[in-house]
1. Looking only at the chain, where both bridge partners belong to it, what percent of the DSSP beta bridges are antiparallel (to the nearest 5)?
2. Considering only 356, 321, 343, whose Cα is most displaced toward the positive end of the charge dipole of the range 317-453, charges sitting on Cβ of Lys, Arg (+1) and Asp, Glu (-1)?
3. Treating only the Cβ of Lys, Arg, Asp and Glu as charged (+1, +1, -1, -1), what charge dipole size does the chain show about its Cα centre? Round to the nearest 20 debye.
4. List the residues whose amide H sits under 5 Å from the amide H of residue 451, counting only those 5 or more places along or on another chain, with H placed 1.01 Å from N in the peptide plane.
5. Non-local amide H neighbours of residue 186 (under 5 Å, H modeled in plane, Pro and chain starts lacking H): which ones?
6. Express the relative contact order of the chain as a whole percentage, based on alpha carbon pairs under 8 Å and six or more residues apart in sequence.
7. Using only Cα atoms, tell me the angle between helix 69-80 and the longest principal axis of the chain; keep it within 0 to 90° and round to the nearest 10.
8. Roughly how many whole Å is it from the C-alpha centroid of the range 425-488 to that of the range 331-382?
Amino acid sequence: MTVTETPITTGGRGNRLLLEALLLGLIVALIAALFFCGWVFLRRIATLYRGHIYPNIYALGVQLEGLTPEQGAAALEAVAERVAVGSLVFTDGAATYPFSAAEAGLRVDTRATAEAAYTIGRSDDLRSQTAVWITYQDVPPTFTVDAMRARVLLEQLALEISVPPVPARLQLEQGQLIIVPGESGRVLNIEGTLVQLLALPAEPGHITVPLVFETVTPPQPDAELVREQVTALTSRRIELFAYDVLTNEMLTWALESDTLIEWLYLEEIAGEPQVSVDPAAVRATLEQLAAALGDGRGFRYEEATRQLLDIFTAGGGRVQLYLTHPERVYTVRQGDTLTSISAQFGMPPGLVMEANPQIDYDRLSVGQTLIIPSQDLLTPYMPILDRRIVISIAEQRLRVYENGALLYDWPTSTGMADSPTLRGVFQIVSKEENAYASQWDLWMPYFMAIYPAGGTVYNGIHELPILQNGQRLWEGNLGRPASFGCIILGIPQAETLFRWADIGVIVAIE
């Protein structure tokens, strides 16, 4: 038997292992090369985009590639206002006060959003660095609260929801003074509420912010001290009087303690309750007095209120009030003319025309209504009660009264038939020692204006007029109508009256 030996060969297996090792090394080298190339690429790109946002990065739908953070913020500003930031509700636990979050100052922080976009792809993580080049990157917006705008909103809200404390007050019950204790109030703590708002996450959506309040407690008065003050104040006596120039009636009122106590209230002065006078209550008293007068009469309320406050502060006394009269409405009758209507009311035609600019006075019709201006236009000054001038057109006399007694009785000349002197109740409204009448080119010594004759021209009382040649007009005519509407006096009489009569003296023309 013959045995044949076969030699074992290891060259093929070794070659395979060597091939595999070479292939593995090649792969590793390739991968290393790829990584190196990628690293070089990223470094190169990082150099190219140094200070600029990488590609494929968006925020609020705006592409930010290649922009610096500052440029990115500017680009986002153009769309930031259109971003819905949700709603915000302030609450005090019982009630809610809704606003849009934008009203409260919640807005997109474009700078912070652009900075966030800039950081994308700049971490040490190679995967995140690579992802920025191959995938879309949407940066969520960053929100912030504008503290100034939020404070303005809270200041407005504070006006609505703050409840001021109710101070202690005075009350009269069945003639007895009652001191009603004050009640606490609440005031919105704007700074505290703002802290609550800023502490919440600034994100769009529904935000609820608790309101912070401070309780304000009014000081409580010393009851005995208050009663002493009230007793002293209400023991003062005030007498009011007013003269009705149309009816020649004197009206008087005496204010008693039950009225004066209605003027008083408690206010805090230097941290302590003090008894003070309420101007609104003083005016209310005047309005009540006027309502009882009827005929639409009243007072110049601001002036009268100041007068009463002054006299009350002075400890009481007597004070004259100006009595006002309303406009009147007249219905035109058969045969009426502007002249006859004006004469009926003692109102200059020019003032009637100014009050009714839409009326054609050449075509008055029965039933038409006219506004007759207030008597106050003719007697604007506080009437001087101890002096009075009365002019009789029928007698052509001017009489002067002082304290009800006749002081002077002089002949006068009033207007001629074609330029009559108006009858009515007037007042000396201005004085001029030597007035010039350009319409007639003459001088009027010791002129005292009493009512408007048209435009800026006034009829008044004066001495015999002087023409440019020095001649006295109408000399020798006193005692009969002669003027263009003024009331003419002799040479010594006019100066005497001028020195005696003050502005505000009533002039009644009959």
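Please treat every number below as a calculation from the coordinates, not as lab data. What you see is a predicted model; the values in this text were computed from it and never measured. All Cβ positions, glycine included, derive from the backbone under ideal geometry; neighbour counts span all protein chains shown.
1. Working: 72 of 94 bridges.
DSSP beta bridges in the chain are roughly 75 percent antiparallel.
2. The Cα lying farthest towards the positive end belongs to 321.
3. Numbers: 34 positive and 58 negative charges, 316 e Å.
I would put it at about 1520 debye.
4. Counting only residues 5 or more places away or on other chains, the set is 459.
5. Residues meeting the criterion, in which the H sits 1.01 Å from N, are 163, 216.
6. Values: 913 pairs, mean separation 43.7, N = 510.
Answer for the chain is 9 percent.
7. Rounded to the nearest ten degrees, it is 60.
8. Here the answer is 25 Å between Cα centres.
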